[in-house]
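Structure first, commentary second.
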Amino acid sequence: MINASITNTLNPNALNCESKNTWRDCEKDIAPGTLPAASGFQEAPTLSEINARDAARQNMIAAFERPAKAHDELMRAALEKTEDTALKAAYLTAFEGKRLSGEQGQKLLDAGDVNVLGWLATRAKERFHPGGKVSFLIDRNINYTNICRIGCDFCAFYRRGPETDAYVLPKEEIFKKIEETIELGGTGTLMQGGVNPHLKIEYYEDLFRSIKQRYKIHLHALSVIEIEGIAQVSRLTVEETLQRLKAAGLDSIPGAGAEILSDEIRLEQSPVKRHSHRWIKVMQEAHKANLPTTATMMFGALEERKHIIEHILRIRDAQDETQGFYAFILWTFQGENTELAKKNPDMQPTSGVEYLRVLAVSRLMMDNIPNIQGSWVTMGPKIGQISLHYGANDMGSIMIEENVVSAAGTSYTLDRKNMIELIRRSGFTPVQRDTYYNIIAEYPEFPAQ
Ligand code: SF4
């Protein structure tokens, strides 16, 4: 109707246009040359043209789906015949679970075609996770203190103590955050802070016991350096510290603080944490104390690719011994507000392609850890979706609260509904999990509003 009235205003010859399908049907009645054509003007399609185009699109989708299987077969045939020894080894990893050597991993990382790596990593992922499900977690990061005596150059979160924004959260505030998490359907809390020299083990025992007495919630808390710090100020061994924390309610330990497990890189990033073997040792002590942990890697901060391979191998070897890592989580360095970025102004942020390459090689090499997370928190939701086609089987937490990465200038958030949609639109079935990766809800269809 609007089109018709406009037409009538412009050209009295074009009457009764309501009965026509489109502006263009209507226009056919107008004498040629009566309307001026703007430069670049394109005629709107007729309904029959739209229908024909949609049919062509449907055919195109079907045509893509049909060859997906054929594409897999072509890839397999090509890889079976390849003379590239690293690629052939990766093929055997993906389909037969054969272990990749560090040298082969290095070759793949340096020269592997990123799309082929993604395809192989997806096949390797399917060995652990058949069925096209992708998990996510609802939990909350609670940073109980930002006071830290370590002072890592890559960290924008910590305060030394006298600053006005230095804090230790009161217990009531921590309880309130946990209650909000439970109301949102959360099953756990990730509690981490700085290495605060004023907090001894009694503080943590009291806090953990109080939480466990009040709430049925998983307590995933404290990094290696915090545990070492607690042991030091409390004059305890790491073993004693872990046992007392576990008795007070600690369920599992996040793998934070691994950064890159290569002493020469750690020396530049954070001299106090320079000894890689200490991170491994504390993690293995936790495993022996029946405290499962995750393992992490932060890359894109001065290291070379050989250091990434060194890191993967160290964690893989440790896992062979104690079997306590249940997930590997890798993310990229976020530089804003950090000393490291100020000291290295030429340092470039890691590209999406490099992130995907490292992710795919990690999935192929890390043959003894079942779960790998895609990092939408640092790379953004869209790269997060693509990561599911490069070896990741999990999207981590929806991040009800996040303070550490956002302090370094990167802030993405998702709610449960958006997370579900994000996973579904990547071609997978979303499932909510708990901290141990037990599935607690499945979302094959869009949830009711
Ligand atoms: S990364 Fe952890 S240990 Fe290092 S300065 Fe930040 S809060 Fe402290």
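Can you pull out every residue in the stretch 333-360 that is of a type in the set (Asp, Glu) and over 23 Å from residue 271 (Cα atoms)? Scanning the stretch 333-360 gives a single hit, 354. Applying the criterion of being of a type outside the set (Gly, Ala, Ser) and touching a Phe, Trp or Tyr at 6+ places or on another chain (Cβ under 7 Å) to the residues of the stretch 397-413, the residue that is modelled with the highest pLDDT is 398. Does residue 138 satisfy the condition of being at pLDDT 90 or above, at negative phi, surrounded by 15 or more Cβ atoms within 10 Å (Cβ to Cβ) and within 16 Å of the ligand (Cβ to nearest atom)? Taking the combined requirement at face value, the residue does not satisfy it.
Residue count for the stretch 93-110 under the criterion of being without any contact (Cβ under 8 Å) to a residue 24 or more places away in the chain and surrounded by fewer than 15 Cβ atoms within 10 Å (Cβ to Cβ): the result is 4. Residues of the stretch 195-216 that are of a type in the set (Val, Ile, Thr) and touching a helix residue (DSSP H, G or I) at 6+ places or on another chain (Cβ under 6 Å): 195, 201. Looking across the stretch 372-384, the residues that are surrounded by fewer than 22 Cβ atoms within 10 Å (Cβ to Cβ) and more than 8 Å from the chain's Cα centre (by Cα) come down to 380, 381, 382, 383.
Before we move on, is residue 164 modelled with pLDDT of 95 or more, more than 21 Å from the chain's Cα centre (by Cα), away from the ligand (no atom under 14 Å from the Cβ) and of a type in the set (Ser, Thr, Tyr)? No: the conditions fail for residue 164.
The helices (runs of 4 or more DSSP H) found wholly in the stretch 168-240 and carrying at least 2 residues that are surrounded by fewer than 19 Cβ atoms within 10 Å (Cβ to Cβ) and among the basic types (Lys, Arg) occupy 171-183, 201-214. Looking at the stretch 250-327, the helices (runs of 4 or more DSSP H) lying wholly inside it that each contain 3 or more residues that are within 16 Å of the ligand (Cβ to nearest atom) and closer than 23 Å to residue 371 by Cβ sit at 276-288.
Within the set 189, 241, the sole residue that is in contact with a strand residue (DSSP E or B) (Cβ under 9 Å, 6 or more places away or on another chain) and either of a type in the set (Lys, Arg) or more than 19 Å from residue 150 (Cα to Cα) (or both) turns out to be 189.
Among the candidates 200, 246, the residue that is away from the ligand (no atom under 16 Å from the Cβ) and either at pLDDT below 95 or closer than 30 Å to residue 136 by Cβ (or both) is uniquely 246. When residue 172 is tested against (1) away from the ligand (no atom under 16 Å from the Cβ); (2) closer than 28 Å to residue 152 by Cβ; (3) modelled with pLDDT of 95 or more, exactly one condition is not met: (2). Would you confirm whether or not the stretch 141-158 contains a residue that is free of Cβ contacts under 8 Å to residues at least 40 places away in the same chain, surrounded by 15 or more Cβ atoms within 10 Å (Cβ to Cβ) and not charged (D, E, K, R)? Yes, because at least one residue in the stretch 141-158 is free of Cβ contacts under 8 Å to residues at least 40 places away in the same chain, surrounded by 15 or more Cβ atoms within 10 Å (Cβ to Cβ) and not charged (D, E, K, R). In the set 200, 216, 171, 212, only one residue is closer than 18 Å to residue 252 by Cα, basic (Lys, Arg) and touching a residue at least 24 places away in the same chain (Cβ under 8 Å); that residue is 212.
The values are calculated or read from the model by the stated rules, or taken from the named source; none is laboratory data. Computed from a prediction, not measured in an experiment: that's the story for all the values here. Note that each Cβ is placed from the backbone with ideal geometry, even for glycine, and that neighbours are counted across all protein chains shown.
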